[in-house]
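K.L.:
Quick one: structure below, then a few questions.
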Amino acid sequence: MSAYFSSKLTKRLNAAFTATLLVFCLLGTHTERIGKVNWTGYLILKNLLNEEIRYATSPMAVRLYAPQPGRNFMLGLRATF
């Protein structure tokens, strides 16, 4: 591996590690029993600061060239009976 490539790779990996420290995730849930059904509402907010995220567990080719998506949220309702 050339010194240039190694230097560039190190900078990208350091940036990825720093970004994961700055990302905020929020998770909120509420459960209510109505009759015989448990209803659970939830809200998940990820990457609120819109930082570039690259997971260390991804294969190298994916990690270097395909970051995770920016801000996102998930709102849902789940029923169990």
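K.L.:
With the structure loaded, tell me whether LEU75 is modelled with pLDDT of 85 or more, surrounded by 11 or more Cβ atoms within 10 Å (Cβ to Cβ) and under 16 Å from the mean Cα position of the chain (by Cα) or whether it fails that test.
P.N.:
No: the conditions fail for LEU75.
K.L.:
Mind listing just one residue for me: the one in the range 1-59 that is of a type in the set (Lys, Arg) and assigned to a strand (DSSP E or B) and, of those, modelled with the lowest pLDDT?
P.N.:
LYS46
K.L.:
Counting only residues that are hydrophobic (A, V, I, L, M, F, W, C) and surrounded by 13 or more Cβ atoms within 10 Å (Cβ to Cβ), how many does the range 36-61 have?
P.N.:
6
The values are calculated or read from the model by the stated rules, or taken from the named source; none is laboratory data. All of these numbers come straight from a predicted model, not from anything done at the bench. All Cβ positions, glycine included, derive from the backbone under ideal geometry; neighbour counts span all protein chains shown.
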